[in-house]
Amino acid sequence: MSDLADLKERLERLKHEAIEQIYLADSLPSLEQLRIQYLGKKGALTEILKGVGQLPADERPVIGRSVNSLKHDLGEALREREAVLRAQLEEERIASERIDVTLPGRRHPRGAMHPIQKGIHEMTAIFQQLGFLVAEGPEVEDEFHNFDALNIPPEHPARAMHDTFFFADGHLLRTHTSPVQIRAMQAMVKRGEEPPLAVVAPGRVYRCDYDMTHSPMFHQVEVFQVGSKLSMAHLKGILKFFLSSYFGRELPIRLRPSYFPFTEPSAEVDIGCVFCEGKGCRVCKQTGWLEVLGSGMIHPNVLKAVGIDHSQYSGFAFGLGVERLVMLKHGIPDLRLFFENDVRFLRRMGA
Ligand code: DAH
């Protein structure tokens, strides 16, 4: 067989082999591998071209044309195969990125206000609706505002009864919200204003006390009004309105004589038992009444301490424990539920 025939046959075999492999290539890298293998500088076609030099001059163009046409054909085949592979890749990408618009959205659990904060908001709103201003005072107090100005002198037994947390420098954690009375009245005097003044003051208070029904930190709402000719009738009217509004129904109330250093006269306030409607049950210890807060007419000494003329003005005040009122309203049996942050409780109480 002549060299020419031999070369032609090699070219023909190469063509079949290459085209078959190209159409079997299943990835772009393996396709590139084939391109190098056949058309590369050290590829099979180059190898064949080396043999062309040995041919007689008149046969060289024949092989040259065959080689060129094979180069062209293989190039075509590579491009076609590449297009197919790229299209497949694109399809796979689209399939993998497909968004299932029927999937449910991601849920964001809805937060809720803590029942104590909710109680404070509800209570405060009732007084705001009556025109009371909201005031707050510091939780770290001094003895003057927490005790002295409230007519609790140093040797007074009420001072010992308060289970006070003291700081080394003589400051203390306020044991009640009553010092906000002092601060609000002082601020009014300082502004050069006269009564009437009506304030609701919610906040945290602290007592060194911890058991089933006492937490060292708890919340109170303090309410007071100073003006001319205010009497216990006004106090009772506001109490009745407030308690009925908060519990959402008409509630009987009663005032029992009591004692607080900062009020005279003083009264403990009861509501008709919300569990037995006054018939007598375990919670009200068969009395039909539940004690809910302390109140009274602001003591003249308190008005004196802030520079308000007690011969011209009088006032009433009361202070209540938020935890206790929220527990009564919602039938919550244990104070500690408020502070343990068990989400099952908080969720059930959530708005
Ligand atoms: N400060 C009192 C306490 O924490 C509660 C109180 C009683 C507040 C009578 C008052 C009041 O304003 O008039 O025990």
Open item on the list: Would you confirm whether or not the range 187-195 contains a residue that is in contact (Cβ under 8 Å) with a residue 60 or more places away in the chain, of a type outside the set (Asp, Glu), touching a strand residue (DSSP E or B) at 6+ places or on another chain (Cβ under 6 Å) and not in a helix (DSSP H, G or I)?
Closed with: yes
TODO: Name the residue, out of Thr164, Thr177, that is part of a loop (DSSP other than H, G, I, E, B), surrounded by 21 or more Cβ atoms within 10 Å (Cβ to Cβ) and within 15 Å of the ligand (Cβ to nearest atom).
DONE: Thr177
Open item on the list: Just to be sure before I move on: is Arg324 under 40 Å from the mean Cα position of the chain (by Cα) and either assigned by TED's automatic domain parsing to the domain that holds Pro179 or assigned to a helix (DSSP H, G or I) (or both) in the structure I sent?
Closed with: yes
Task: Yes/no for Ala305 being in a helix (DSSP H, G or I) and either within 16 Å of the ligand (Cβ to nearest atom) or of a type outside the set (Asp, Glu) (or both) - done: yes
Open item on the list: Please pick out the residue among Ile298, Ile253, Ile332 that is more than 30 Å from Ala187 (Cβ to Cβ), assigned by TED's automatic domain parsing to the domain that holds Thr124 and within 16 Å of the ligand (Cβ to nearest atom).
Closed with: Ile253
Open item on the list: Against the conditions (1) in contact with a Pro (Cβ under 9 Å, 6 or more places away or on another chain); (2) hydroxyl-bearing (Ser, Thr, Tyr); (3) surrounded by fewer than 18 Cβ atoms within 10 Å (Cβ to Cβ), where does Ser314 fall short? Just the number, please.
Closed with: (3)
Open item on the list: Residues that are surrounded by fewer than 17 Cβ atoms within 10 Å (Cβ to Cβ), modelled with pLDDT of 95 or more, in the same structural domain as Thr213 (by TED's automatic domain parsing) and closer than 28 Å to Gln128 by Cβ: does the range 266-279 have at least one?
Closed with: no
TODO: Looking only at the range 202-241, count how many residues are hydrophobic (A, V, I, L, M, F, W, C), in a strand (DSSP E or B) and surrounded by fewer than 16 Cβ atoms within 10 Å (Cβ to Cβ).
DONE: 1
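The values are calculated or read from the model by the stated rules, or taken from the named source; none is laboratory data. Because the structure is a prediction, the values reported are computed rather than measured. As a convention, Cβ positions derive from the backbone with ideal geometry for all residues, glycine included, and neighbour counts pool all protein chains shown.
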